[in-house]
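A.B. asks: Just passing along the structure, written as structure tokens.
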Amino acid sequence: VFNHVVRAPEDPILGVTVAYNKDTSPNKLNLGVGAYRTEEGKPLVLSVVRQAEQSLVNDPSRVKEYLPIIGLAEFNKLSAKLICGADSPAIQENRVTTVQCLSGTGSLRVGGEFLARHYHERTIYIPQPTWGNHPKVFTLAGLSVKYYRYYDPGTRGLDFQGLLEDLGSAPSGAVVLLHACAHNPTGVDPTVEQWEQIRQLMRSKQLLPFFDSAYQGFASGSLDADAQSVRMFVADGGECLVAQSYAKNMGLYGERVGALSIVCKTSDVAGKVESQLKLVIRPMYSNPPLHGASIVATILRDKDMYNEWTIELKAMADRIISMRHQLFEALKTRGTPGDWSHIIKQIGMFTFTGLNSEQVAFMRQEYHIYMTSDGRISMAGLSSRTVPHLADAIHAAVTR
Ligand code: PMP
């Protein structure tokens, strides 16, 4: 009965790793996947995460019962504080409902389905370009996806005028997806002043902000600085949604820990919204996993562990920033034609190199370097040892 099923293409991002794994070259380099690697090219488990896990294992009172539909209550409370700020009036006034979801992706999906069921405007505007999963997640959640201009290939920076024009002509009430920081794939973020203009425009048109916060603390090394965009919108008293992921900033990728917060106008509304979120979640996966959320709650509740986390987080962010400088210098040394300053200007895990798909294919063929076809490279996958190899490849690709 399944003979008619045609083979689906690999996921454009995860498929890069599939191809990389098949490559037998000793010099192969995977810059496709968005996961942190150490200077030695190894995955990293934060020592504070090990410590939290140890304390969980040592606690004999811990059991493996189901969590409630909305997850671990303490995790939810601490997650809302982390993104909104501990002294946020919205939290104090009990206007924020937070539900534990399956990492960032699951939080986006649950938020999307809630909006499709209960919000009057079904259109969501997402940036052009954006993380490749966004249009699929929101379409399957029941929303209609449109794009707003975001990136200017000419300047390799923000197309701020285009962004304002497109949001300015969006229908009143439309949902707008915003990357809280470290825009993926471009690494280009609005300045604080530009965020303020975006906020004013969106509030004046009753556009509903849906923040995707996948990199808090990972971009600048500061949890507060990377939450600033979200906090500006929360502070004005209006509604917004925020999807949080602990994949990158705690290195909990495979534990699938995230949260969806919906900031409402009143605590009464927040309670009703939460009751409907349960109806979205229950038939989808019943309730979320326990282990990862327990790790996060253990770290966020303990002052010492929290401080240690911020130090380890900053070290990851700093290593990525250092890779940007090393790659930039390596291209300068080689006299590679073109302006490569965007490598040090862009923010977060990725550099949007500006390399085209033929150049990307050439680098894969000749240098065994793997990246997505849009020329996005994960700086976290680089090390001092591999920077020269990448710089040689880029140089060869652009002077071919
Ligand atoms: N949003 C963005 C912008 C991302 O880059 C990612 C991870 N690549 C996610 C959401 C979701 O990640 P996860 O589901 O692993 O938390």
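Derivation of every value follows stated rules applied to the coordinates shown; laboratory data play no part. Bear in mind that the values here come from a model prediction, so they are computed numbers and not experimental data. Glycine also receives a Cβ, built like all others from the backbone with ideal geometry; neighbour counts cover every protein chain displayed.
A.B. asks: Taking 7 Å along the Cα-to-C-beta vector as the label spot, tell me the T399-Y119 distance in nanometres, rounded to one decimal.
C.D. replies: Calculated label separation equals 5.0 nm.
A.B. asks: Name the residue, out of H120, H134, H325, whose mean-square fluctuation peaks in a Gaussian network model built on the chain with Cα pairs under 10 Å.
C.D. replies: Among H120, H134, H325, the largest mean-square fluctuation in the Gaussian network model of the chain belongs to H120.
A.B. asks: Please list, short to long, the whole-number percent of alpha-carbon pairs of the chain in consecutive 20 angstrom bins beginning at zero.
C.D. replies: Taking all Cα pairs of the chain, the binned fractions are 27, 57, 16, 0 percent.
A.B. asks: Mind jotting down the distance between the C-alpha centroids of the range 147-221 and the range 1-16, whole Å?
C.D. replies: 33
A.B. asks: Right, another one. Nearest 5 is fine: what % of DSSP beta bridges in the range 73-301 come out antiparallel, could you say?
C.D. replies: Just about 45 percent of them are antiparallel.
A.B. asks: May I ask you to derive the relative contact order of the chain, considering only C-alpha pairs under 8 Å and at least 6 residues apart, and to give it as an integer percent?
C.D. replies: Working: 737 pairs, mean separation 100.6, N = 400.
Across the chain, relative contact order equals 25 percent.
A.B. asks: At 7 Å along Cα-to-Cβ for each site, give me the label-to-label distance between Q228 and Q200 in nm.
C.D. replies: Reported label-point gap for Q228 and Q200 is 1.7 nm.
A.B. asks: Restricting to the chain, compute how many DSSP beta bridges are antiparallel as a %, nearest 5.
C.D. replies: 50
A.B. asks: Based only on other Cβ atoms within 10 Å, what is the fewest-to-most ordering of Y20, Y147, Y66? Intermediate results must be reported in sequence, preceding the final value.
C.D. replies: Working: Y20 20, Y147 13, Y66 9.
The order, fewest Cβ neighbours first, is Y66, Y147, Y20.
A.B. asks: A further question on this structure: Say R0 is 22 Å: what FRET efficiency, to the nearest 0.05, do E39 and I344 get from their beta-carbon distance?
C.D. replies: About 0.70, to the nearest 0.05.
A.B. asks: Calculate the dipole size of the chain relative to its Cα centre from +1 charges on Lys and Arg beta carbons and -1 charges on Asp and Glu beta carbons; express the result in debye to the nearest 20.
C.D. replies: That gives the chain a dipole magnitude of about 640 debye.
A.B. asks: Pick out, in residue order, every one of the trypsin sites (Lys or Arg not before Pro) in the range 35-80 that is DSSP loop and has at most 16 other C-beta atoms within 10 Å; say none if there are none.
C.D. replies: On the way: sites: R37, R50, R62, K64, K77; in loops: R37, R62, K64.
Sites meeting the loop and neighbour criteria: R62, K64.
A.B. asks: While we're here: Can you tally the net charge around H395? Count Lys and Arg as +1, Asp and Glu as -1, for every other residue whose Cβ sits under 15 Å from the Cβ of H395.
C.D. replies: Details: positive: K332, R334, R400; negative: E329, D339, E366, D392.
Result for the local shell: -1.
A.B. asks: Further question: Peptides 26-34, 259-267: what's the order by average Cβ count within 10 Å, highest mean first?
C.D. replies: Ranked by mean Cβ neighbours within 10 Å, highest first: 259-267, 26-34.
A.B. asks: Longest span of the chain, sites excluded, free of GluC sites (Glu not before Pro) in DSSP loop with at most 11 other C-beta atoms within 10 Å?
C.D. replies: 66-400
A.B. asks: Return the single residue from G162, G187, G104 with maximal mean-square fluctuation; model: Gaussian network over the chain, springs between Cα atoms under 10 Å.
C.D. replies: G162
A.B. asks: With the chain treated as a Gaussian network of Cα nodes joined by springs under 10 Å, which of L82, L140, L390 yields the largest mean-square fluctuation?
C.D. replies: Comparing L82, L140, L390 in a Gaussian network model of the chain, the most mobile one is L140.
A.B. asks: Return the subset of K272/K314; K77/K146; K77/K272 for which the Cα-Cα distance in this structure is over 28 Å, preserving the input order. Walk me through the numbers before you get to the answer.
C.D. replies: Details: K272/K314 38 Å; K77/K146 33 Å; K77/K272 17 Å.
Checking Cα-Cα distances, K272/K314; K77/K146 exceed 28 Å.
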